[in-house]
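This report concerns only the one structure given below.
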């Protein structure tokens with residue numbers, strides 16, 4: 001199907017609908033008019049979920065620096081101050097008076113020690129790489145979260161617009177029905193119709209007024225949802241504005257091009273790949289548990305009195321040592337096998353999950369692609385239905401006031417015309433949202 005020929009004015013239902021919406025928008029203060037792009041910009045700046053995800057991304061970046069800091073030497077200082085109790089010596093047994101060995105009642109020590117890792121089986125490098133992947137994953141999740149918020153904002157935005165369009169149509173229909181009711185009352189006074197016709201016309205007008213109330217309430221609810229989503233006051237004025245470049249049906253690319261776009265831009269695929277990379281790093285880290293660790297250490301301290309070595313001395317002394325420290329985790333040689341097996345299975349699980357995600361993305365892209373093409377066809381059908389319904393209403397209206405048809409026929413024709421206009425507005429809104437769903441599927445919203 002050639003979609004170029006479907007390009008036409010978007011959202012135009014009937015001339016009176018377009019002029020009424022534009023006139024209504026121009027009477028509102030500038031700060032209440034928002035395009036979809038402005039709504040998205042406000043959501044990026046003010047939405048609490050987006051802000052929280054951004055903070056999480058910053059924390060992930062900080063974790064990379066924490067992991068890199070593990071390469072630095074470990075340095076510690078310590079100090080001890082203590083009171084030493086007398087030292088009784090029970091030379092003749094526990095039940096005899098002991099002799100008192102002279103001790104200095106005050107003991108203090110101040111010192112420092114350091115350890116520098118030389119080799120630990122690559123654990124530090126693996127932890128740094130894992131922290132980097134987690135940071136990248138956090139940024140991808142931030143992009144996905146922002147995209148989801150954009151779509152939800154678009155749903156609320158066009159919900160307000162659709163109901164506002166409904167309201168314009170319904171208000172015009174109510175005015176027409178009020179004029180028609182006056183004409184029906186005049187026919188009743190002339191004795192040409194029954195009272196039942198008047199009652200039916202009044203009942204329909206009452207239902208239309210109730211429907212208008214429901215639509216106005218829907219607008220209030222949708223506006224509050226959108227205002228909260230973009231960080232504005234609940235009852236802040238908000239009027240959706242549709243730009244000229246948004247009024248035409250969009251010519252789609254080939255389906256294969258969208259598949260290729262999704263492979264590189266889809267957030268779901270990127271997340272699956274990052275999680276797979278993390279699983280492989282986890283396996284590498286588990287395998288390194290059996291590797292020895294080697295480090296350089298040193299310590300130095302001042303203490304009083306000297307009670308560490310014999311003979312003791314009641315004077316200040318200092319001591320220190322430096323050297324290499326080797327640790328071989330022998331027990332890991334037989335306890336680590338199951339951990340390695342578990343990590344290998346996790347890697348395999350992520351690989352299968354990655355393939356499943358790619359399958360789902362292809363299905364999602366194709367479904368939204370087909371549904372958008374279908375929605376464009378619905379627009380053309382709805383436009384044709386309006387023409388037919390308008391002609392049917394014109395004919396029935398003329399025949400009714402010429403006493404050639406029943407009021408029920410006229411009411412049915414009126415309802416069908418109004419419903420056709422509603423359906424056209426709905427079709428155009430749904431087409432726009434369907435296109436956004438397609439863009440969301442390929443990671444481009």
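What to note about this one:
- Considering residues of the range 299-350 that are closer than 20 Å to residue 124 by Cβ and not in a helix (DSSP H, G or I) only, the residue farthest from the chain's Cα centre (by Cα): 324
- Residue 445 vs. criteria closer than 23 Å to residue 154 by Cβ, within 23 Å of the chain's Cα centre (by Cα) and not in a helix (DSSP H, G or I): yes
- Residue within the range 197-217 that is surrounded by fewer than 18 Cβ atoms within 10 Å (Cβ to Cβ), more than 29 Å from residue 431 (Cα to Cα), without any contact (Cβ under 8 Å) to a residue 12 or more places away in the chain and touching a helix residue (DSSP H, G or I) at 6+ places or on another chain (Cβ under 8 Å) present: no
Yes/no matrix, rows are residues, columns are (1) touching a strand residue (DSSP E or B) at 6+ places or on another chain (Cβ under 6 Å); (2) assigned to a helix (DSSP H, G or I); (3) at pLDDT 90 or above; (4) within 25 Å of residue 161 (Cβ to Cβ):
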{"site": "369", "(1), (2), (3), (4)": "no, yes, yes, yes"}
{"site": "377", "(1), (2), (3), (4)": "no, yes, yes, yes"}
{"site": "385", "(1), (2), (3), (4)": "no, yes, yes, yes"}
{"site": "392", "(1), (2), (3), (4)": "no, yes, no, no"}
{"site": "399", "(1), (2), (3), (4)": "no, yes, no, no"}
{"site": "403", "(1), (2), (3), (4)": "no, no, no, no"}
{"site": "411", "(1), (2), (3), (4)": "no, yes, no, no"}
{"site": "426", "(1), (2), (3), (4)": "no, yes, yes, yes"}
{"site": "434", "(1), (2), (3), (4)": "no, yes, yes, yes"}
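- Residue match in the range 69-90 (condition: out of contact with any strand residue (DSSP E or B) (no Cβ under 7 Å at 6 or more places or on another chain), closer than 30 Å to residue 128 by Cα and not in a loop (DSSP other than H, G, I, E, B)): yes
- Whichever residue in the range 316-350 is exposed (fewer than 15 other Cβ atoms within 10 Å of the Cβ) and touching a helix residue (DSSP H, G or I) at 6+ places or on another chain (Cβ under 6 Å) and, among such residues, is nearest to residue 262 (Cα to Cα): 340
- Check on residue 156, in a helix (DSSP H, G or I), buried (at least 18 other Cβ atoms within 10 Å of the Cβ) and on the phi < 0 side of the Ramachandran plot: yes
- Some residue of the range 291-300 being in contact with a helix residue (DSSP H, G or I) (Cβ under 9 Å, 6 or more places away or on another chain), in contact (Cβ under 8 Å) with a residue 40 or more places away in the chain and crowded, with 16+ Cβ neighbours inside 10 Å: yes
- Every listed requirement among (1) within 30 Å of residue 370 (Cα to Cα); (2) modelled with pLDDT of 90 or more; (3) exposed (fewer than 15 other Cβ atoms within 10 Å of the Cβ) is met by residue 233 save one, (1).
The values are calculated or read from the model by the stated rules, or taken from the named source; none is laboratory data. Note that this is a predicted model, so its numbers are computed, not measured. Methodologically, a virtual Cβ is constructed for each residue, glycine included, from the backbone with ideal geometry; neighbour enumeration extends over all protein chains shown.
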